[in-house]
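One structure is given here, and the rest of the page talks about it.
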Amino acid sequence: MHNIFSGNTPPSPTQYPDSTHVDPGSTERAAFLRSFVYAWHGLIYAFRTQRNARVHALLGAGAIVLGLVLHISPVEFAMIFVAITLVFIAEMFNTVAEACVDLVTREYHPLAKIAKDVAAGAVLLNAILSVVIGILVFGPHLLALFFPR
């Protein structure tokens, strides 16, 4: 979207030598749609290359199945989905931090270690939060199942 505040001007028809009637919005739409393709590539990359991402996905799938079996409420499912998604997002940011550090240096550097350790710590903290959410959501259902009143 072009506006007077963006600093960009819409492409002129002369920028398209093959056609003088190209809709400038069509190139913006194509770029917008391409951004989803790139995002999908990022998800696939994280899942294929990061063992912990695959572990989190497997545990998340298990939590979804358990939720279906226990007939948890829609709000409880929302909490479980948020927990699963946040762990996966944290894992992806950890992958970004590691890739950026590795891009700069492969040699040991204390700041590189800090960057990688802090990113991994964020994943760990998020995973702990997810376990707490799982206990709070599934705990009462499991207690009622195994210790009926």
In the range 61-149, which GluC sites (Glu not before Pro) are in a loop and have at most 15 other Cβ atoms within 10 Å, using DSSP for the loop call? Glu107
Using all alpha carbons of the range 106-149, what is the percent of pairwise distances in each 10 Å bin, ordered from the shortest bin to the longest? 25, 26, 20, 15, 10, 4, 0
Could you tell me which chymotrypsin sites (Phe, Trp or Tyr not before Pro) in the range 62-142 are loop residues by DSSP with no more than 15 other beta carbons within 10 angstrom of their beta carbon? Tyr108
For Arg48 and Leu103, calculate 0.36 nm times their separation in residues minus their Cα-Cα distance, and state this gained length in nm to one decimal. 17.8 nm
Just to confirm a number: summing +1 for Lys and Arg and -1 for Asp and Glu over residues other than Gln50 whose beta-carbon lies under 15 angstrom from that of Gln50, what do you get? +1
Virtual spin-label span in nm between Ala120 and His71, 7 Å along Cα→Cβ: 4.4 nm
Size of the range 50-146 along its principal axes in angstrom, Cα-based, largest extent first? 54, 20, 17
Once you put a point 7 Å from the Cα of Ser26 and another 7 Å from the Cα of Leu111, both along the Cβ direction, what distance in nm separates them? 4.8 nm
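FYI, it's all coordinate maths here, none of it is from the lab. No experiment lies behind these values; they were computed from the predicted model shown. We place every Cβ from the backbone using ideal geometry, glycine too, and count neighbours over all the protein chains shown.
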